[in-house]
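Heads up, the thing below is written out as structure tokens.
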Amino acid sequence: MHEPLPRGISRRTTLGWLGALAIGSVATGCRGSAADSGPQLGDYTLSDWVADRGDSYLVGHRGAGDVFPEHSMESYQAAVDWGAQAMEISVGITSDDVLVCMHDLTLERTTNLTGDLRTVSYAQLKEAWLEVPRLGPRWEIDKTRVPLFEDVLRKFGGRVILAVEAKDDQAHAPMMAMIAKYRLERSVLVKTYYKSRRIAEAKAHGLGVFAYFTTPDEMTIESIQALAAQLSPRTDAIVVPNSGPGGYLAASLAETAVSTGIPIWPYPLHRRADVKHYQALGMPGAVTSNIGYLLGRTEPAVTDQWSSGALVSGELTRDPYNDRFAVSWARGGVIVLPARKTQHFLTLGNLGEITSPVYSVEFEASYSILPADPTANLTLAFGHADDSYYEHRLAASNGYHAILQANGELGLYAHKVGEPAGTKLATKKTASPFRGEWLKFRLDVTPTRLTFSRLDLNQPALVTALDKSYRGGYLHLGRASTDGSLALRGLKVTRTP
């Protein structure tokens, strides 16, 4: 499909970018022949995507950065395999002016190297690998590499929309030259900060724009309206941070942004509840690092996959991008919740939304460090209508929690939105757990009855309640104490139609 350049993208501009590509002092990572003899790229354009995407759509953030090393070819491929029609791409440049895909200007956070990206050669970077411990030890074995920007264009260009951003300003001209070389101007968005001069430049050249705010503090009525005045609802988007009081962007800021008529995309979203929240505020699109889970393209599991040594789509800590809430990994399919001075929970979205009227949940748990408070508990929360983050006494959702306190008390409780204290349904005193002991539990749910059993004792103990207030939904498992270290294994869900 050969169409003229979009209105405003002049031949002079395109030749200028290609001229930058040809200048010897500004190489761009070319390792192949000219575009005409290269791979057959797709012909999917920004106009196609806008026409296709409807009133609910997602953009891949760092590919599928919740579960794959960010800005790796594997992460991009996973996002596309899971249905991404658009994804954002960060571009950096090495000391010998090779374009690569990387978010940071420094190397420490995501690779096994240190220092500035601009000080290492591509030959040095090629021998390095991506290193994101919170994703699991499997990636230390796989040695995922930093990809060339050109390879990403050759693989995905014209097949999905790419929102491209030069994180180093020196990379911008060669990045645009590379896009022009492959004639992909109509298949990209220029991603840039809301104050950047690149917005006016991109619009003058007829390109789409992905303009973002990084913090809510930057968002005022004046800054939002000034940005919107530069953009078009047909080709552009304003991207806003998913943060603020209570975790979400303040409703007043969201309303101001939506009122501009420019598509508003919150970022980065991790949970289905997040998408629902922002869509209710008039934001049809969103930027997510868990696109397979949010699009429902991953099959609900029946057991954990912890023996694989990697997090899976839908398995969510409180903040998947924050190392403070990362799980630790041990042998034998064991994970550890070690966070200090905070509760530590996993949302088990990978097990799906339970819809069966009868189901059971089994798991084992062990304290390597016991909590100081004898009433502190390990918790299985269930019966939640959505996958909003659960924490003991957070009072953000309705449901149940099945617990074992450090003093051995087994219990079933109900909890409600706005009420931090749970409602006791049933309790029973059992033997106190000791350090290193593996405890075994089973939850059974029927349309009318809840039963929570401790099975590691010589004489199993159980508590039962007749209550049918909440059924189905999502599960959460974790440590409802601000100290201690809890290990988990053997998680299994059995559904009965």
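The values are calculated or read from the model by the stated rules, or taken from the named source; none is laboratory data. No experiment lies behind these values; they were computed from the predicted model shown. Because the Cβ atoms are built from the backbone with ideal geometry, glycine has one as well, and the counts that use them run over all protein chains shown. To get the accessible areas, we keep the full protein, side chains included, count just its heavy atoms, and leave off ligands, DNA and RNA. Shrake-Rupley method; radii C 1.70, N 1.55, O 1.52, S 1.80 Å.
The lysine pair count for region 76-219, using Cα distances under 29 Å and pairs eight or more places apart or on different chains, is 21.
Centroid-to-centroid, using Cα positions, region 132-151 and region 424-497 are 36 Å apart. On the principal axes of its alpha-carbon atoms, region 256-310 has extents of 48, 17, 14 Å, going from largest to smallest.
Taking a 1.4 Å probe, which of Asp97, Asp52 shows the most accessible area, and what order do the others take after it? Walk me through the numbers before you get to the answer.
Values: Asp97 30, Asp52 90 Å².
Correct descending sequence by accessible area is Asp52, Asp97.
Once the convex hull of all Cα atoms in the chain is built, its volume per residue stands at 149 Å³.
Net charge of the neighbourhood of Arg454, taken over other residues with C-beta under 14 Å away and scored Lys/Arg +1, Asp/Glu -1, is -2.
Residues of the chain: accessible area per residue at 1.4 Å, in Å²?
Working: 20550 Å² over 497 residues.
Result: 41 Å² of accessible area for each residue.
Restricting attention to region 41-126, which trypsin sites (Lys or Arg not before Pro) occupy a DSSP loop and are surrounded by at most 16 other Cβ atoms within 10 Å?
On the way: sites: Arg53, Arg62, Arg109, Arg118, Lys126; in loops: Arg53, Arg62, Arg109.
Sites meeting the loop and neighbour criteria: Arg109.
Once you treat every alpha carbon in region 421-497 as an equal point and sum by Debye, what is log10 I(q)/I(0) at q = 0.13, 0.15, 0.17 Å⁻¹? One equal scatterer on each Cα of region 421-497 leads to -0.51, -0.68, -0.89. Of all aspartates and glutamates in the structure, the ones whose alpha carbon falls short of 13 Å from that of Lys492, not counting any fewer than 8 places away in one chain, are Asp304, Glu362, Glu364, Asp444. Each part gets one Cα centre, and for region 338-383 versus region 51-117 those centres are 32 Å apart. In a simple Cβ point-charge model (Lys, Arg +1; Asp, Glu -1; nothing else charged), the chain has a dipole of about 660 debye relative to its Cα centre. Within the full protein context, the accessible area of Phe68 is estimated at about 40 Å² for a probe radius of 1.4 Å.
3J(HN,Hα) couplings calculated from phi for region 285-300 with the Karplus curve 6.51 cos²θ - 1.76 cosθ + 1.60 (θ = phi - 60°) are, in sequence order, x, 7, 10, 9, 9, 9, 5, x, 5, 5, 7, x, 8, 9, 6, x Hz; Gly and Pro show x.
Considering only GluC sites (Glu not before Pro) in DSSP loops that have at most 13 other Cβ atoms within 10 Å, the longest stretch of the chain without any of them is 109-436. Centre-to-centre, using Cα atoms only, region 288-327 and region 177-214 are separated by 32 Å. Where only DSSP H runs of four or more residues are counted, the chain gives -5000 deg cm²/dmol as its mean residue ellipticity at 222 nm, each run worth -39500 (n - 2.57). The residue list His277, Thr355, Ile291 was ranked by how far each Cα lies along the charge dipole of region 262-362 toward its positive end, using unit charges on Cβ atoms, and His277 comes out on top. Solvent-accessible area of region 133-284 (1.4 angstrom probe, protein heavy atoms only): carbon and sulfur portion equals 53 percent. At 25 °C and 0.890 mPa s, what whole-number value in µm²/s does Stokes-Einstein give for the translational diffusion of region 239-372, with Rh from the Kirkwood sum over Cα pairs? My calculation gives 144 µm²/s for D.
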